[in-house]
Amino acid sequence: MNTVELRNMISQRISLIDDEPFLVANNTILDAKVSSSIYKLSNFQKERIVLGSEQLKNGSVISNEDLQAELDLWLSTK
């Protein structure tokens, strides 16, 4: 089945569905796929980026290797 045939089949099948929550969920999925390629950040995400940038400027960072060593140590005590 090629892409055009698949689109037509899906369109026909969706036209038979009356389940509004299901259609809303599918619309959300489709919006994510066909929307512009610009990703919109939530306020929480923006705040975390600012916090991370401040931590980086202040030198409050840890290498991945050091973090992994801390995790291994912590896990070995459990």
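Just so it is clear, none of the values below were taken in a lab; they were calculated from the coordinates. Remember, predicted model here, so these are calculated numbers, not experimental data. Cβ atoms come from the backbone with ideal geometry, glycine included; neighbour counts cover every protein chain shown.
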With a Förster distance of 22 angstrom and the Cβ-Cβ distance between Asn2 and Phe22, calculated FRET efficiency to the nearest 0.05 equals 0.25
Contour minus Cα-Cα span, Ser15 to Val61, at 0.36 nm per residue, comes to 11.3 nm
For the chain, the charge dipole (Cβ of Lys, Arg +1; Cβ of Asp, Glu -1; about the Cα centre) points to a positive end, and the Cα of Ser42, Ser15, Ser60 closest to that extreme belongs to Ser15
Cross-link reach from Lys46 to lysines, straight Cα distance under 27 Å and at least 8 residues apart if same chain, gives Lys33, Lys57
For the chain, the dipole about the Cα centre with charges only on Cβ (Lys and Arg +1, Asp and Glu -1), to the nearest 20 debye, works out at 240
Subtracting the Cα-Cα distance of Ile38 and Leu73 from 0.36 nm times their residue separation yields 8.5 nm
Other residues with Cβ under 14 Å from the Cβ of Arg7 give, with Lys and Arg +1 and Asp and Glu -1, a net charge of +1
